[in-house]
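Reading through the structure tokens given below for one structure.
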Amino acid sequence: MRKQAFIINFHGIGEASRPYEAGERPFWISRHEFLNVLDLVRSNSDVVDFKLTFDDGNSSDYEIAAQELRKRSLEASFFVLAGKFQQPGYLTQTQVRELAGEGFQIGSHGLNHVDWTGADDRELADELSGSKSILEEVVGRPVASAAIPFGLYDRRVLNALRRAGYRDVYSSDGSARLSKAWPTPRYSVQGGLDAGRLVETVRHGRLFDRLNNELRLRVKASLSRSIVRRMKQLGR
Ligand SMILES: [Zn+2]
């Protein structure tokens, strides 16, 4: 039987050493919660094909996550902010290069963590192509994956991602990976998570939920910018 794919997305672990952005705090989890999720990943890998991703390029990716992943021989993708390497609390270029050198995948989360649906054409090009060139320079290899900030996208953003050369694109739209969904949905972990509930979601992903989700995503991919902006967003 084919294993169900499930992508877990993290933001920060522990406490940020910089001010939190509006709405960001709930997406930081404690070290203890992080270790619990890693245990869950290991103990359910017989039935689920897990993939782990990290958005925002926080220092905790390097200081906490990478260490714990290494100990468990777990792979992960880090979607970093190419415009924030010099800012406190974020990964530096050296750290990103080191993570890439160890075999972790590096993808783009843009430059400055802005809503791409609200960016004009020039800013969108900087966010997508500009961040891609910076990252390729840093890691010394092609970068073809991106995670969409705040999970906010519309047709224009998806077209721009394709044109910029991104093959793997991730949203924050939900839980199970759907057959042909592009961008690929992820489950964003929040503080105070109920590990039992997460196990249940992962192990018994219901067909009904999956179909429902798939319909919702198709509709979203065809929405206009103004409607998307009005939608209440769950993910970051
Ligand atoms: Zn983000």
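The values are calculated or read from the model by the stated rules, or taken from the named source; none is laboratory data. The model shown is predicted, which means the values in this text are computed figures rather than measured ones. Accessible surface is based on the protein model in full, side chains and every heavy atom, while ligands, DNA and RNA are left aside. Shrake-Rupley method; radii C 1.70, N 1.55, O 1.52, S 1.80 Å.
Look at where the Cα atoms of the range 83-159 and of the range 11-70 average out, and the two centres are 19 Å apart. Cα-Cα over 27 Å: which of LYS51/LYS132; LYS3/LYS71; LYS3/LYS84? The answer is LYS3/LYS84.
The Cα-based radius of gyration of the range 20-142, divided by its Kirkwood radius, gives an Rg/Rh of 0.99. With protein chains left intact and a 1.4 Å probe, residues in the range 1-46 average 52 Å² of accessible area per residue.
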